[in-house]
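Single-structure report; data block below.
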Amino acid sequence: MTMMAIQWYPGHMAKAKREVTEQLKKVDVVFELVDARIPYSSRNPMIDDVIKQKPRVVILNKKDMTNLKEMSKWEHYFVEQGFYPVAVDAKHGKNLKGVEAAAIEATKDKFAKEQAKGLKPRAIRAMIVGIPNVGKSTLINKLARKNIAQTGNKPGVTKQQQWIKVGKVLQLLDTPGILWPKFEDELVGKKLSLTGAIKDSIVHLDDVAIFGLNFLIQHDIETLRQHYHISVEEDAAILEWFDAIGRRRGLLQKGNEVDYEAVIELLINDLRNAKMGTYCFDLYSEMKRDIAHENND
Ligand code: GDP
């Protein structure tokens, strides 16, 4: 099963990489935006290759939808990588100040050197990079809101990339760099689908729902039972869970059969919209060995 093949051909990827690389020359720091529900799986697979040694703030967005304890393990991981993590909720404008603070931290050395050389103080320039649907536009709009004047277009002038003033010291490119998601790993694909990062038609939704259900059974079974008012045994077959949910919710077809498609849709929507709880589907303890492998390749 190959995912995303529809949207990202090798040519697209090369072009995206080239464009981001070009924009990177203009900035002092990169904001790598990820989804806080899948802080590792929502990264572009070649991100280190693209950003290279440029100072990096990793913005874990959608903080309101994740498990903060698990997320903090990833923040720690990003610190170990030499990055500056900051968790935000762009939709509700939470911790935007933290972005500015992290940008200052990440570029401290660079600006100290400039100052030592006698260069005048200047704004820190940044750009946002990330896969689709992690919240890049939402964040840019939130950061820009207070400085609307800065982004106003003049008639007759072609819309070009502009700098948005953020806080006192930061300037942000108003167009984000869009890179492709990981799509070779099936598990990653399921997580991307479960968080709405990739389109429904590309992955098998039954696999996504089963993954989500198993995650709940393992990590939050009581909430799962309470949410759907069901009492299925922990070691029951997945189909029993589907049946129980379907019957309880009256998701039935002709002949009183459970409408599995409807159950799958319900489960995915409830998980995507954090209707049951807020979860981080990337579990650091389970993934750290594979990550160490990847980095040694
Ligand atoms: P982009 O493709 O990276 O530019 O992503 P968008 O900015 O279009 O956001 C994708 C979806 O995520 C939209 O429905 C946003 O409302 C939602 N979103 C973005 N940031 C947050 C956040 O911090 N919390 C929540 N709950 N939703 C968010």
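The values are calculated or read from the model by the stated rules, or taken from the named source; none is laboratory data. It should be emphasised that the depicted structure is a prediction, and the values quoted were computed from it without experimental measurement. Note that we place each Cβ from the backbone using ideal geometry, even for glycine, and neighbour counts take in every protein chain shown.
Residue selection: Gly246 satisfies the criterion of being in a helix (DSSP H, G or I), without any contact (Cβ under 8 Å) to a residue 40 or more places away in the chain and either more than 26 Å from Ile51 (Cα to Cα) or touching a strand residue (DSSP E or B) at 6+ places or on another chain (Cβ under 7 Å) (or both).
Note on the range 130-145: among residues that are in a helix (DSSP H, G or I) and more than 6 Å from the ligand (Cβ to nearest atom), the one that is nearest to Ser193 (Cα to Cα) is Leu139. Within the range 130-146, the residues that satisfy the criterion of being surrounded by 24 or more Cβ atoms within 10 Å (Cβ to Cβ) and not small (Gly, Ala, Ser) are Ile131, Val134, Leu139, Leu143. Whether a residue is at pLDDT 95 or above, of a type in the set (Asp, Glu) and touching a helix residue (DSSP H, G or I) at 6+ places or on another chain (Cβ under 9 Å) was assessed, and Glu234 passes this test. For Gln253, the conditions (1) of a type in the set (S, T, N, Q); (2) over 29 Å from Phe78 (Cβ atoms); (3) under 17 Å from the mean Cα position of the chain (by Cα) all hold with the exception of (3). Taking the listed residues His12, His76, the one that is out of contact with any strand residue (DSSP E or B) (no Cβ under 7 Å at 6 or more places or on another chain) and under 27 Å from Gly167 (Cβ atoms) is His76, with no other qualifying. All conditions in (1) more than 8 Å from the ligand (Cβ to nearest atom); (2) in contact with a Gly (Cβ under 9 Å, 6 or more places away or on another chain) hold for His76, with the sole exception of (2). Quick one: would you say Val20 is assigned to a helix (DSSP H, G or I) and within 16 Å of the ligand (Cβ to nearest atom)? Judged against the criteria, Val20 is a match. For the range 250-297, the candidate set comprises residues that are farther than 17 Å from Glu240 by Cβ and hydroxyl-bearing (Ser, Thr, Tyr); within that set, the residue that is surrounded by the most Cβ atoms within 10 Å (Cβ to Cβ) is Tyr279. Scanning the range 43-62 for residues that are within 16 Å of the ligand (Cβ to nearest atom) and farther than 21 Å from Ile198 by Cβ yields a single hit, Val57.
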